[in-house]
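In what follows, a structure is listed as structure tokens, so that the remarks can point back to it.
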Amino acid sequence: MNVGPKVDALYLMLRLDARRYLATTGKTAKAMSRKCGIPDRLLRGMNEPDWKPKLNTLLRIEKALCGELDWPSRHVNSWHEAEDDVGFIVCRNRRV
């Protein structure tokens, strides 16, 4: 079973969640790094299109912030996957 596309989709979702969290809270990347206990150099350029953090960095961010009210996936009710000819897409259903 090829899980590469699934991991890629989840990586992208975590990256977008981290960016969305910054945008909605108005916090800085430096403040976010302190809250997550990671070096601020790992979050420099976070809003740039070429920001490609390691998966471990994203997992540490999610672990530290998943309980926050502003964390984007906090209000997700369920996850489901769909697959087409070009690969996987992971979708989230939000609670209403």
Picked from the range 1-42 (must be without any contact (Cβ under 8 Å) to a residue 24 or more places away in the chain and crowded, with 16+ Cβ neighbours inside 10 Å), the residue farthest from residue 71 (Cα to Cα) is 42
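Looking at the structure I just gave you, is residue 74 in a helix (DSSP H, G or I), surrounded by 12 or more Cβ atoms within 10 Å (Cβ to Cβ), at pLDDT below 90 and within 13 Å of the chain's Cα centre (by Cα)? Spell out the reasoning first.
Details: in a helix (DSSP H, G or I): yes; surrounded by 12 or more Cβ atoms within 10 Å (Cβ to Cβ): yes; at pLDDT below 90: yes; within 13 Å of the chain's Cα centre (by Cα): yes.
Criteria met by residue 74.
Checking the structure you have, find out if any residue of the range 15-31 is in a helix (DSSP H, G or I) and more than 17 Å from residue 72 (Cβ to Cβ).
Yes, the range 15-31 has at least one match.
The values are calculated or read from the model by the stated rules, or taken from the named source; none is laboratory data. Just so it is clear, the structure is predicted and the values come from calculations on it, not from any experiment. Methodologically, a virtual Cβ is constructed for each residue, glycine included, from the backbone with ideal geometry; neighbour enumeration extends over all protein chains shown.
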